[in-house]
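To start, the structure under review is shown below, and the notes come after it.
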Amino acid sequence: MIHAEDFLSALQTEQVQFFAGVPDSLLKELCACFSDKLAKDQHVIAANEGGAIGLAIGHYLATQQPGLVYMQNSGLGNVVNPIASLADPQVYGIPMLLVIGWRGELAADGTQIHDEPQHVKQGQITLSQLDVLGLPYQVMADDIDTAHAQIQTLLQQAMTRQGPVALVVRKQSFAPYKPVKTTAAPASALAGKLPVLESREHMIGQIVSALPQEAAVVATTGMASRELFELRKAQQAGHGRDFLTVGGMGHASQIACGIALAQPDRQVVCIDGDGAMLMHMGSLTISAQQANLLHIVLNNGAHDSVGGQPTVAAQLALADIASAAGYTQVYSVSGAEQLNQLIPQVLRSGKSCLIEVLCRKGARADLGRPTRTPAQNKQDFMQFLTEVEYA
C-alpha cells in the first residue's frame, strides 16, 4: 500500500500543483489528504468530472503546468466530451494527469474482482475506454518508488504529446489516512439555529411513511438507495414501488421526471442527495416543470457513500436554488416531524415542489446492500407502474 502523503509528495516533486475531481471510495484516502494538505485554491472537489477537466484546462492555460484530475472510472463518461473536444492533442492540446479509481477491476488473469452491479460493465471496459480516447495510461504499482516513476513517465508523456494521460488505481492501493480537518455541516446548522440533525435513514423512513401507497419512488445512488431497500425489507413492504438508481450519479431526478411525464396522474417522488443534485444541477430546470414530481434532496453536505468528503451544498441554500430553477414550492426542513407533516401538504397542492432535508453524515455500520439485482428491481418496478393505478 502507498501512503497518500507520499503520493502527494511525489506529485509535488514533479511540479503538479493543482488537484480537482469527484471523490471515489478507492481514492478516499488520497482525497482526504489533498483536503488536509493543500490550500483552497489548489484543491477543488468539483460538481462533476467534466467540470474538473475544465478546471485543469484553465489551470494549464494560466500556469503552463499540468493539473491532476481524480475520479471513479464511472466518471469517464462525463469526461469524454471535454477530453476529446478540448484537451486532446488534435484540438487544444492540454496536458493533465487523470487518476482513476478502477471499480470492478480485472485481475491479471482476466477475471473480474467482485463489486457492486453498477461497476461490472464499467470495470470491464475501463482500459479499453482509455485506449479509444487515445490516452496513454499505466496501472499504478503498489510501492511508492515505482508509482513515483510511473507519475514521472506519464507527466513526461503528457507534456510531449500535449494531452491527457492516466494512472489507473486498483482497490486498496492507498493506506488508511486519518483526516486532520473536519468537514462542515449544512449552512443552517452552522448558524446555530438548529437542534442536532437526524440521520438520513431516519428521514427516509419519514418520507416513506408520509407517501400514499400508489406513489412511485426513485432513489439516488449510494447510501440512500441502500437505506430505502433496508427500510422496505424491515417493513416487509416489498420493493416494487422503488427504482434504485444504483449507478449513474446525478440522473435520478431525470429518471423520476421521465416517469412523471409518462404517467401524469401518478405522484412520483425522487429521493436525491446533495452531491448528486450538484453533479447535474441544470436538470432542476426540467424537473421543476412537472407538477406531479416531488423532489426531495437529502443534504448532509457530503459525498457520504464514498468517504464523506464535503460538497459545496454545505454552504448553499438549496431551496433558494430550486426556486430560481422554477419549482413552484420550495422548503427546507431539519426535523422529522416537520417533514412528515409537510409531505401530505405539498402532495395535495398538485404543484411542483423541492424539499431540502438537512440531515447528518454517516450510516450505521451494519447497513446492507440490495439483494435484488438491477434487472429484478426494474421488472418489479415496471410491474408496479403497470398494475397499480394512482388514486
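Placing pseudo-labels 7 Å out from each Cα toward the beta carbon at residue 91 and residue 196 gives an inter-label distance of 5.0 nm.
Working from label points 7 Å from Cα in the Cα-to-Cβ sense, the residue 109 to residue 383 distance is 3.8 nm.
Seen against the Cα atoms of the chain and their longest principal axis, helix 252-262 is set at about 40 degrees. Computed about its Cα centre, the charge dipole of segment 4-169 is approximately 540 debye, with only Lys, Arg, Asp and Glu carrying charge at their Cβ.
Over all other residues within a Cβ to Cβ distance under 15 Å of residue 77, the charged ones net out to 0, with Lys and Arg as +1 and Asp and Glu as -1.
With all pairs of separate Cα atoms included, segment 187-387 yields a Kirkwood hydrodynamic radius of 16.6 Å. Seen from residue 380, the other residues with C-beta closer than 10 Å to its C-beta sum to a net charge of +2, counting Lys and Arg as +1 and Asp and Glu as -1.
Ranking 91, 26, 196 by how far each Cα lies toward the positive end of the dipole of the chain (charges on Cβ) leaves 196 at the top.
The length gained on full extension between residue 234 and residue 121, counted as 0.36 nm times the residue separation minus their Cα-Cα distance, comes to 37.6 nm. Directionally averaged projected area (the chain, Cα convex hull): 19.4 nm².
Equivalent ellipsoid semi-axes for segment 215-272, as square roots of 5 times the alpha carbon gyration tensor eigenvalues: give them largest first, rounded to whole Å.
Details: eigenvalues 72, 45, 8 Å².
Values for segment 215-272, descending: 19, 15, 6 Å.
For the chain, how many pairs of lysine residues have a Cα-Cα distance under 13 Å, where the two are 8 or more positions apart or belong to different chains?
5
Using only the alpha-carbon atoms, how far is helix 120-133 inclined from the longest principal axis of the chain? Give it as 0 to 90 degrees, nearest 10. Approximately 40 degrees, to the nearest 10.
Our compactness index for segment 229-315, the C-alpha radius of gyration over the empirical 2.2 N^0.38 Å, is 1.15. Need one word for segment 35-76: rounded, prolate or oblate. Basis is the Cα gyration tensor (sqrt eigenvalues a ≥ b ≥ c); a/c below 1.5 gives rounded, then a/b vs b/c decides. Oblate, since a/c reaches 1.5 and b/c is not below a/b. Binning the alpha carbon pair distances of segment 4-169 at 5 angstrom intervals from zero yields the distribution 2, 9, 19, 24, 22, 15, 7, 2, 0, expressed in whole percent. Annotation: peptides 290-302, 139-151, 319-331, ranked by per-residue average of other Cβ atoms within 10 Å with the highest first, follow the order 290-302, 319-331, 139-151. Which loop GluC sites (Glu not before Pro) in segment 291-391, with loop taken from DSSP, have no more than 10 other Cβ atoms within 10 angstrom of their Cβ? Passing both the DSSP loop test and the Cβ count: 389. FRET efficiency for the pair residue 132 and residue 172, taken as 1/(1 + (r/R0)^6) with r the Cβ-Cβ distance and R0 = 25 Å, rounds to 0.35.
The local environment of residue 134, defined by Cβ-Cβ distances under 15 Å, has a net charge of -1 under the rule Lys, Arg +1 and Asp, Glu -1.
We did not get these values from a lab; they are worked out from the coordinates using the rules stated. Predicted model only: the values in this text are computed from it and were never measured. Every residue, glycine as well, gets a Cβ built from its backbone with ideal geometry; the counts of neighbours run over all protein chains shown.
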